[in-house]
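Student: My structure is below; once you've seen it, I'll send some questions.
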């Protein structure tokens, strides 16, 4: 029996980006017909009734939109860095966060 049920698809590649209370997941997945798409998931840790819960938001990005998406994202980032905050040192955010045992609990599919 296929272990991928419903909307779950085979994961080909995954990259996690930790950002404070948020974690971003970039996952490449395959369709049944061996086509590929990208999911971008934002996971936010929230406190609810004395326990932590995770709220997620997901974007599905299909191959025909990769170029347009990258161009628009780069243009928006460049606008902030070069036009709105040109005197700000963004390099302070370039370091990688240390791995944590709890990271596996943050994975959303």
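Read-outs: derived from the displayed coordinates by stated rules, not from any lab. Here the structure is a predicted model, which means the values were calculated and not measured. As a convention, Cβ positions derive from the backbone with ideal geometry for all residues, glycine included, and neighbour counts pool all protein chains shown.
Student: Which whole-number percent gives the relative contact order of the stretch 8-75, counting Cα pairs below 8 Å spaced six or more residues apart?
Tutor: On the way: 109 pairs, mean separation 15.1, N = 68.
Here the relative contact order equals 22 percent.
Student: Expressed in nm², what is the orientationally averaged projection area of the convex hull enclosing the Cα positions of the stretch 17-67? List each step's numbers first, then the result.
Tutor: Numbers: hull surface 18.7 nm².
Mean orientational projected area (the stretch 17-67, Cα hull): 4.7 nm².
Student: Using the per-residue mean of other Cβ atoms lying within 10 Å as a proxy for protection, in what order, highest first, do the peptides 62-68, 25-31 fall? If you can, show how the numbers build up before the last one.
Tutor: Working: 62-68: 10.7, 25-31: 16.3.
Descending mean neighbour count gives 25-31, 62-68.
Student: Give me the distance in nm between label points sitting 7 Å out from Cα along the Cα-to-Cβ direction at residue 82 and residue 57, one decimal.
Tutor: In this crude spin-label approximation the distance works out to 2.6 nm.
Student: Would you mind ranking 37, 24 so that the residue whose beta carbon has the fewest other beta carbons within 10 Å leads the list?
Tutor: Details: 37 18, 24 13.
Ascending number of Cβ neighbours within 10 Å: 24, 37.
Student: For a quick size check, give me the Cα extents of the stretch 10-106 along its three principal axes, largest first, whole Å.
Tutor: Between the extreme Cα coordinates on each principal axis of the stretch 10-106 lie 44, 43, 24 Å.
Student: Going by how many other Cβ atoms sit within 10 Å of their own, how do 70, 38, 84 line up, fewest first?
Tutor: Values: 70 11, 38 18, 84 8.
Result, fewest neighbours first: 84, 70, 38.
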